[in-house]
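The values are calculated or read from the model by the stated rules, or taken from the named source; none is laboratory data. Keep in mind it's a predicted model, so treat the numbers as computed, not measured. We place every Cβ from the backbone using ideal geometry, glycine too, and count neighbours over all the protein chains shown.
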Amino acid sequence: MKKSIFFLLFISIIFTSEAQPCKDLLNEKMDPNDILSLQENLIKLLDCKEYNIDEYDLQKGILGMLLIQLSMEKEEPLTFRDLTKKYDELKSTEEYQKQREIYFKSIELASKKVEIKNWHKDKKLLLELGVEEAECNKIEGFIKESFEKTGEELIITYEELFEAYRKKYPPPTLKDIHPLDDTGYLIENDFEENLIRAKKENKLVLVYFNGFGAINCRKMEENVFISPSIINYLKENFILSVHYVDDRTKLSAEERTKFSKLYGKEITTIGKRNSEFQFIEFNRMSQPHFIIITPEKEKLDQRGYTPDIQIFLEFLENSVEKSKK
């Protein structure tokens, strides 16, 4: 289901349609798997001004997660009213407002002309947008190098600058630390096999309890995990063990747990098995949840949602140092 959702998110914004009264649209049934219907109706939400939904809210990382959450929470047919309620919940959070501000500042910077005399001011904005100091210094060097070659300032925007910069310095991606599926999700792997691999490679295991519908998990992956300092440190010191708590894939008869201590009944899906594993082994139920353990299953540290790159890096570094004692 997640494949069709993200496919439609990439292509739905290019479709136009005639306006429909919002009250009618809100009561209309919405099937995340019915691509044609969603193509016609998602764009209409932009015309429902009273709900204050704009292009930022229709990004794949936001709209896709809300659709997945709805499909997980409700079995009956979904309506666009259900979707607007999820938006209301999201918009009331401080994190949403922060990320929204970053988004529009990024758009503003992208169209700005690159000028050496304004670099220190622009660098401050880049730092506010989450670009690391070391990366800013590389960008500054790239600008100065281009100036020295021509003797003239670059007559380009920051969007054009970053395009040229990325060609020379390709940015790290999640696949540098872990395999991804066709929709960009980290692929779940086997916990016991990860322990064996970690022991063989003399590394620690970073256990990551994840959720397809967990927006904060996507934020961690899109804003923290792709940091060069995080990716390099993970590659050198950790094996990532990924486990989704909302995976509805059915377990085979042999894999099913006859009685769950957490649910009080038989466990029939991968997600519920992972939820019980998280609760029984680590006494947590929230996602994202990160636990660092040794190959011998000694727990070194754990933490939840951490949007600050430096704090998350310190979490990793402190555990590595602790493991050496």
Here the residues within region 174-184 that are over 21 Å from residue 194 (Cα atoms) and β-branched (Val, Ile, Thr) are 183
Among the residues of region 305-317, is any of a type in the set (D, E, K, R), surrounded by 17 or more Cβ atoms within 10 Å (Cβ to Cβ) and in a helix (DSSP H, G or I)?
-> no
Filter result (in contact with a Lys or Arg (Cβ under 7 Å, 6 or more places away or on another chain) and among the aliphatic types (A, V, I, L, M)) within region 79-128 | 125
Is it the case that region 256-277 has a residue that's surrounded by fewer than 16 Cβ atoms within 10 Å (Cβ to Cβ) and of a type in the set (Phe, Trp, Tyr)?
-> yes
Exclusive hit being at pLDDT below 65, more than 30 Å from residue 140 (Cα to Cα) and not assigned by TED's automatic domain parsing to the domain that holds residue 131, set 45, 9, 78 | 9
Only residues in region 266-278 that are more than 16 Å from residue 191 (Cβ to Cβ) count as the first member; pair them with residues that are among the polar types (S, T, N, Q) and in a loop (DSSP other than H, G, I, E, B), Cβ under 9 angstrom, at least 6 apart or cross-chain, and list the lot.
-> 266/260; 269/249
Do you know which residues across region 160-200 are more than 22 Å from the chain's Cα centre (by Cα), of a type outside the set (Asp, Glu), surrounded by fewer than 15 Cβ atoms within 10 Å (Cβ to Cβ) and at pLDDT 90 or above?
-> 196, 199, 200
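Matching residues to (1) touching an Asp or Glu at 6+ places or on another chain (Cβ under 7 Å); (2) outside the structural domain of residue 188 (by TED's automatic domain parsing); (3) at pLDDT 85 or above:
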residue: 228; (1), (2), (3): yes, no, yes
residue: 234; (1), (2), (3): no, no, yes
residue: 244; (1), (2), (3): yes, no, yes
residue: 249; (1), (2), (3): no, no, yes
residue: 253; (1), (2), (3): no, no, no
residue: 267; (1), (2), (3): yes, no, no
residue: 272; (1), (2), (3): no, no, yes
residue: 279; (1), (2), (3): no, no, yes
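Mind listing whichever residues of region 190-237 are outside any helix (DSSP H, G or I) and either of a type in the set (S, T, N, Q) or on the phi > 0 side of the Ramachandran plot (or both)? If you could, list the steps in order and put the result at the bottom.
The initial filter retains those residues of region 190-237 that are outside any helix (DSSP H, G or I), namely 190, 202-214, 225-227.
Matches in region 190-237: 202, 210, 227.
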Collect the residues in region 104-141 that are of a type in the set (Asp, Glu) and either surrounded by 13 or more Cβ atoms within 10 Å (Cβ to Cβ) or farther than 20 Å from residue 169 by Cβ (or both), keeping them in residue-number order.
-> 108, 115, 122, 128, 132, 135, 140
